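**Student:** If you scroll down you'll find the structure; I have some questions about it.
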Amino acid sequence: MTLEHLFPLKNRTIGRLVFEVKSPLHVGTGEAEVRKTALRVGEKYLIPASTIKGAIRRMAEWVIKTMKIKDLSHLAKAFDLDEGGVRCVKGHEDEVITWFLEQQKIVRVLLSLGFEDELRELGVLPESGWTESLEEKKLGELIPPEQREQIKTERRELLKKMAEAYVTTLHPLYRLFGGQSIAGKLRFLDVLFRGKLIEKPGVAIDRKSRRAMEHRLFFYESVEPDELSFWLIVDNLIPGEEDSKLLAATLEIIKEIGLFLGSRKSAGMGKLEFKDSTFWTIELEKDERGVALGNPFEK
């Protein structure tokens, strides 16, 4: 059985975001020690790509709350978002399963998500495997009529799990940043930089009393570079698509208010102010020999 990729590569955008560093930042190892050291590679300091992506994702999570998602707006109360993907809210299972069974052009997506065995168990996928005739039918229409109500009851958890994975592929936040069932379009590169090292004392605060805790003094290394450049790569930015709108809106917010990175953000550390950006887009649909993919800045 041969299927095309869930999201065939049509274009690739490479971007460079430049920030002025307004306050020292600490990106450490995460170890609970008296002296919290900054991440280093040789004589340079390191900001992992995951740290940058996480900071920008948090901004995108705020932005997405102001957006209406075209294909999911009527199910807004039926789903919650978490790190791994979309999750069905308890009490909304019947609503979600009914919607899921009414979806067309879904079998190809579910196969790409690894549900081949489950589709066979439900009677959706014949022994002969994938055929083009499966493409146009609703999922519920592919389940034998005499078994539909029984399956909705007895395979309730399986249908809910499949629906959550499918909805994750529709949601712009996960299409950009990824989740358990889908790889994200957006990636960042690690950043190596030089900067002035500053060692500062700190003290742990009790969250309930909001007072300093006794015998909990520590020191942490912070770094003060003049500016930082973040390189990003994002595939299939299609004008008008909701994930493209989400990325654009998130970058606009960052341009206006800046970005906080690393630890002790509540103390004002790690504030970055937007300075400049440059983007290059490669049309890969027109690049049959892969020349532009291998040498993007030449094309």
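**Student:** Distance cut-off 28 Å, Cα to Cα: go down the list LYS70/LYS160; LYS65/LYS271; LYS10/LYS53; LYS44/LYS65; LYS160/LYS255 and report the pairs above it.
**Tutor:** Numbers: LYS70/LYS160 21 Å; LYS65/LYS271 24 Å; LYS10/LYS53 23 Å; LYS44/LYS65 38 Å; LYS160/LYS255 39 Å.
Where the Cα-Cα span goes over 28 Å, the pairs concerned are LYS44/LYS65; LYS160/LYS255.
**Student:** Once R0 is set to 25 Å, what does the formula 1/(1 + (r/R0)^6) return for the Cβ-Cβ distance between TRP280 and LYS255, expressed as a FRET efficiency to the nearest 0.05? Write out the running numbers ahead of the final one.
**Tutor:** Working: r = 19 Å, r/R0 = 0.74.
For R0 = 25 Å, the calculated efficiency reads 0.85.
**Student:** Can you pull a Stokes-Einstein diffusion coefficient for segment 73-205 at 37 °C (0.692 mPa s), Rh from Kirkwood over Cα pairs, as a whole number of µm²/s?
**Tutor:** Value of D from the Cα-based Kirkwood radius: 191 µm²/s.
**Student:** Continuing with the same structure: If we count every other residue with Cβ under 13 angstrom of ALA49's Cβ, Lys/Arg +1 and Asp/Glu -1, where does the sum land? Don't skip to the answer; put the middle values down first.
**Tutor:** Working: positive: LYS53, ARG57, ARG187; negative: ASP190.
Here the count lands on +2.
**Student:** What whole-number distance in Å separates the alpha-carbon centres of segment 47-84 and segment 234-258?
**Tutor:** Between the Cα centres of segment 47-84 and segment 234-258 lies a distance of 12 Å.
**Student:** Highest mean first, what order results for 158-165, 83-90 on Cβ atoms within 10 Å?
**Tutor:** For the peptides 158-165, 83-90, the packing ranking is 158-165, 83-90.
**Student:** Go through 145-155, 48-58 and give me the packing order, highest mean Cβ count within 10 Å leading.
**Tutor:** Per-residue mean Cβ counts within 10 Å order the peptides as 48-58, 145-155.
**Student:** If R₀ is 30 angstrom, what is the calculated FRET efficiency for the pair GLN147 and GLN104, using the beta carbon separation as r and rounding to 0.05?
**Tutor:** 0.90
**Student:** Still on this structure, I have one more. Multiply the residue separation of ASP94 and ARG58 by 0.36 nm, subtract the distance between their alpha-carbon atoms, and state the gained length in nm to one decimal.
**Tutor:** So the chain would gain 9.9 nm between ASP94 and ARG58.
**Student:** Under a point spin-label approximation (7 Å from Cα along Cα-to-Cβ), what is the ALA76-ILE238 distance to one decimal in nm?
**Tutor:** 2.4 nm
**Student:** What accessible area, in Å² to the nearest ten, does a 1.4 Å probe give for ASP226?
**Tutor:** About 130 Å², rounded to the nearest 10.
The values are calculated or read from the model by the stated rules, or taken from the named source; none is laboratory data. Since we're looking at a predicted model, the values are computed, not measured. With ideal geometry, Cβ positions are generated from the backbone for all residues, glycine too; neighbour counts draw on all protein chains shown. In case anyone asks, the SASA skips ligands and DNA or RNA and just uses the protein heavy atoms, side chains included. Shrake-Rupley method; radii C 1.70, N 1.55, O 1.52, S 1.80 Å.
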